[in-house]
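Undergrad: Below are the C-alpha cells for one structure; questions will follow.
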C-alpha cells in the first residue's frame with residue numbers, strides 16, 4: 001500500500017467553533033462536506049485531540065467557517081497551532097474578525113467566504129476522530145473569494161522553509177512534518193520547537209539522504 | 001439561509017466502482033475523504049439513486065479512483081451521465097482505461113492519479129445518500145498529475161454552453177442545472193433531454209430575467 005495515495009484526496013479548510021459555558025474555542029478542520037441532500041446533511045470529522053471536539057460533543061452545536069484564498073497564515077497558526085486547553089483563542093482575537101451567529105457561537109469573518117451553523121444529529125466514533133452528522137440551521141455567503149483547498153494552502157499560504165538538501169558532510173536532517181522546516185544535526189533536542197509553526201520534536205521526522 | 005453557501009464546500013471527484021455477480025459498474029462521486037487516521041478510515045457518501053450504491057451496499061466492497069486534472073469530459077459523461085441500470089458501462093469502455101485490483105473490482109487508470117480499494121465497515125442511512133465508512137485494503141498512486149477538484153471540473157473540464165443572456169423579445173429561458181445549457185421558449189417539452197449532458201427536463205430551471 002502506497003500511503004501517499006491519501007494525499008490525492010481533496011479537502012477544503014475550515015474553522016470549527018464552539019461555545020460551552022463561558023468557554024469559546026475553535027480549531028482548523030479539513031473535513032466538512034455535504035453528505036446528503038435530502039435532508040441536507042453536512043458531516044464534519046474532528047480529531048478527538050482537539051478541545052473543540054469535546055465542546056461540540058458536549059453541546060451538539062458548532063459553526064463551520066469556510067476559509068478562503070484570502071486567509072493568511074496567522075489564521076491557521078491562531079486556530080491550528082495552539083490548543084484551547086492552553087490558551088483562550090478568543091481573548092486576543094480581534095473583534096473585527098468574527099461575529100456571533102444566531103446559535104450563540106462565533107463564526108470567523110476574516111479570511112473566510114461563508115459559514116454554517118450546525119446542529120449535531122448523530123455521531124460515529126471512528127477511533128482517532130468523531131464523525132459529526134449535522135443539520136445546517138443557518139448558512140451565509142460572506143464573500144465571493146474562492147474557497148481555500150488544502151492544496152492551495154500547501155502551495156500558497158504555508159510558508160516554505162528552504163530545504164537544506166544534502167549537507168556537504170552528509171549530516172542528518174530533521175524535517176517538520178507540519179510545515180516542512182528542516183534542521184541539520186544528529187540529534188534534535190527534546191525541547192526543540194519548530195521556529196516556523198511552533199510544533200514540537202514529536203512532529204519532526206529524521207531524513208536519511 | 002443562503003443555500004449558495006453549500007457551493008463553498010470543496011470536493012474532489014472520483015469514480016466509485018463495484019462488482020456484484022456478473023455486473024460491473026461505476027459512478028461519479030465527490031465525497032471520498034479521510035475521516036480518521038487511527039484506524040485509517042475513508043468515508044464515501046453515495047446517492048441511493050445510483051445503481052453503484054446498491055452494489056456497494058450488497059457486496060461491502062468498492063474501489064475509488066481519484067480523478068485528475070487530465071481527465072476529459074467523456075469520463076464524466078460515461079460514468080456520471082448514464083445509469084448502470086440502463087447500460088453496461090464496462091461493455092464499451094476501453095480495456096486500456098482500467099485495471100482490476102486485488103479485490104476483483106476494476107479501477108480507472110485513464111484521467112486518474114490514484115485509487116483505493118475499500119472494505120465497508122459500517123453504513124449510516126442519511127436519507128438521499130448512504131454514508132459508507134470504509135477501511136482501505138489497498139491504495140496506489142498512479143500519476144503525479146494534480147487531483148481534479150469540483151471547482152477545477154466546473155472551470156476547466158465541463159463544456160461551457162454560451163449563455164443566452166436576455167432575448168430581444170424577453171422570452172423565458174430554461175437553464176440545465178447540471179451543465180448550464182440554456183434553452184429559449186415558454187415551456188420546455190416534457191421529453192426534453194439536454195443536448196450537452198443528457199439530463200432530463202427535471203434538471204432544468206426557469207430563468208426569469
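Undergrad: Looking at B:110, B:114 in this structure, which one is modelled with pLDDT of 95 or more and within 14 Å of another protein chain (Cβ to nearest Cβ)?
TA: Going through B:110, B:114 in turn, just one is modelled with pLDDT of 95 or more and within 14 Å of another protein chain (Cβ to nearest Cβ): B:114.
Undergrad: For region A:55-73, name all the residues that are surrounded by fewer than 12 Cβ atoms within 10 Å (Cβ to Cβ) and free of Cβ contacts under 8 Å to residues at least 60 places away in the same chain.
TA: Of everything in region A:55-73, just one residue is surrounded by fewer than 12 Cβ atoms within 10 Å (Cβ to Cβ) and free of Cβ contacts under 8 Å to residues at least 60 places away in the same chain, namely A:58.
Undergrad: Now for a separate question. May I ask you to verify whether residue A:151 is assigned to a loop (DSSP other than H, G, I, E, B), in the same structural domain as residue A:71 (by TED's automatic domain parsing) and either free of Cβ contacts under 8 Å to residues at least 60 places away in the same chain or farther than 15 Å from residue A:29 by Cβ (or both)?
TA: Against the criterion (assigned to a loop (DSSP other than H, G, I, E, B), in the same structural domain as residue A:71 (by TED's automatic domain parsing) and either free of Cβ contacts under 8 Å to residues at least 60 places away in the same chain or farther than 15 Å from residue A:29 by Cβ (or both)), residue A:151 does not qualify.
Table: residues versus (1) without any contact (Cβ under 8 Å) to a residue 12 or more places away in the chain; (2) surrounded by fewer than 22 Cβ atoms within 10 Å (Cβ to Cβ); (3) under 16 Å from the mean Cα position of the chain (by Cα).
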residue	(1), (2), (3)
A:79	no, no, yes
A:85	no, yes, yes
A:88	no, yes, no
A:104	no, yes, no
A:110	no, yes, yes
A:120	no, yes, no
A:133	no, yes, no
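Undergrad: Select from region B:21-48 the residues that are over 17 Å from residue B:108 (Cβ atoms), more than 7 Å from every other protein chain (Cβ to nearest Cβ) and without any contact (Cβ under 8 Å) to a residue 40 or more places away in the chain and write down the one among them that is surrounded by the fewest Cβ atoms within 10 Å (Cβ to Cβ).
TA: Only one residue fits best here, namely B:22.
Undergrad: Is it the case that residue B:175 is more than 10 Å from chain A (Cβ to nearest Cβ), assigned to a strand (DSSP E or B) and modelled with pLDDT under 95?
TA: Taking the combined requirement at face value, the residue satisfies it.
Undergrad: Of all the residues that make up region B:4-20, how many are surrounded by fewer than 24 Cβ atoms within 10 Å (Cβ to Cβ), at the interface with another protein chain (Cβ under 7 Å from one of its Cβ atoms) and without any contact (Cβ under 8 Å) to a residue 60 or more places away in the chain?
TA: Within region B:4-20, residues that are surrounded by fewer than 24 Cβ atoms within 10 Å (Cβ to Cβ), at the interface with another protein chain (Cβ under 7 Å from one of its Cβ atoms) and without any contact (Cβ under 8 Å) to a residue 60 or more places away in the chain number 4.
Undergrad: Checking the structure you have, find out if any residue of region A:121-143 is more than 22 Å from residue A:18 (Cα to Cα) and part of a loop (DSSP other than H, G, I, E, B).
TA: yes
Undergrad: Spot the failing condition for residue A:194; the list is (1) within 22 Å of the chain's Cα centre (by Cα); (2) assigned by TED's automatic domain parsing to the domain that holds residue A:54, and only one is missed.
TA: For residue A:194, the failing item is (2).
The values are calculated or read from the model by the stated rules, or taken from the named source; none is laboratory data. Predicted model only: the values in this text are computed from it and were never measured. We place every Cβ from the backbone using ideal geometry, glycine too, and count neighbours over all the protein chains shown.
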